[in-house]
Amino acid sequence: MALTRVLADFLPQSWVSHMYAAVAFGALLALLGWSWRLAGLYLKPRADGKPG
């Protein structure tokens, strides 16, 4: 994603918004993948039965 943001500065102005949209979509996919994988840690009760 960082390379896409750098490339956006060197491409024609008409491409910049498309490149930033691609970066935003990639960041959203990364966040969704992280939350899908680790959501169980936050949603399940603790193994030792203690609160928190």
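Observations
- Relative to the dominant Cα principal axis of the chain, helix 13-43 is inclined by about 10°.
- Computing FRET efficiency as 1/(1 + (r/R0)^6) for Ala2 and Lys44, where r is the C-beta to C-beta distance and R0 is 30 Å, gives about 0.35.
- Coil-residue trypsin sites (Lys or Arg not before Pro) of the chain, DSSP, other Cβ within 10 Å capped at 15: Arg46
- Applying 0.36 nm per residue to the separation of Trp36 and Val16 and subtracting their alpha-carbon distance, the gain on full extension is 4.2 nm.
- Extents of the chain, largest first, come to 57, 14, 13 Å (Cα atoms, principal axes, whole angstrom).
- When each of Phe10, Phe25 is scored by the number of other beta-carbon atoms lying within 10 Å, the sequence from fewest to most is Phe10, Phe25.
Just so you know, all these numbers are worked out from the coordinates, no wet-lab data involved. The model shown is predicted, which means the values in this text are computed figures rather than measured ones. Neighbour counts run over all protein chains shown; Cβ positions are idealised from the backbone, glycine included.
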